[in-house]
Amino acid sequence: MDKAQFRFAREEDTALILSFIKQLAEYENMLDEVVADEAELKKWIFREKKAEVIFALDNGKEVGFALFFHNFSTFLGRAGIYLEDLFVMPEYRGRGYGKGLIKKLAELAVERGCGRLEWWCLDWNKPSIDFYLSLGAEPMSDWTVYRIAGETLKALAESD
């Protein structure tokens, strides 16, 4: 990578965003869990503005993406950036695009006055873990992620 180029996604990039999501899910052996479609992504990313996407470019071609949104730390008393997805196409890995995307998010976090940048990583994904550690990221070993989703979420919302 000679000079990193990045751009924010536009609504007409929705199909490309979904393609990157599916490529990431395939890498994580979770493709069967992807239920997102273009209509939902357009709604939540571009109309509701609940997430943002940045692309990494190689000679104008999108070769990686980062999908992120703001969260909030009560302890810090300020927003942070949560990186939901980071993916670089296999043939472009090792060229600095992943690091460039995270650096771009760090720049945005600082520019926006955020207190931190954070994300989750699958325990088995050693290449990504090693990459994140090389950037100075610290694993949060004292925390466990909990989730309520799907029918369980609906049942809880409808319970007495």
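Do any chymotrypsin sites (Phe, Trp or Tyr not before Pro) in segment 101-153 lie in a loop, going by DSSP, with at most 16 other beta-carbon atoms within 10 Å of their beta carbon, and if so which?
In loop regions of segment 101-153 (DSSP not H, G, I, E or B), the sparsely surrounded chymotrypsin sites (Phe, Trp or Tyr not before Pro) are TRP120, TRP124, TRP143, TYR146.
Go through segment 39-98 and name the GluC sites (Glu not before Pro) that are in a DSSP coil and have 16 or fewer other Cβ atoms within 10 Å of their Cβ.
GLU48
State to the nearest 20 debye the size of the charge dipole of segment 5-158 about its Cα centre, where the only charges are +1 on K and R beta carbons and -1 on D and E beta carbons.
600 debye
Which of the DSSP-defined H helices in the chain satisfy a minimum axial length of 15 Å, computed from C-alpha atoms, and a minimum mean Kyte-Doolittle hydropathy of 0.0?
Membrane-span-like by this rule: 14-27, 97-111.
For the chain, set up a Gaussian network in which alpha carbons nearer than 10 Å are linked by springs, and say which option among THR14, THR74, THR144 fluctuates the most.
THR144
A short reminder: the numbers here are calculations on the coordinates, not readings from a lab. Just so it is clear, the structure is predicted and the values come from calculations on it, not from any experiment. Using ideal geometry, Cβ is built from the backbone for each residue, glycine included, and neighbour counts are taken over all protein chains shown.
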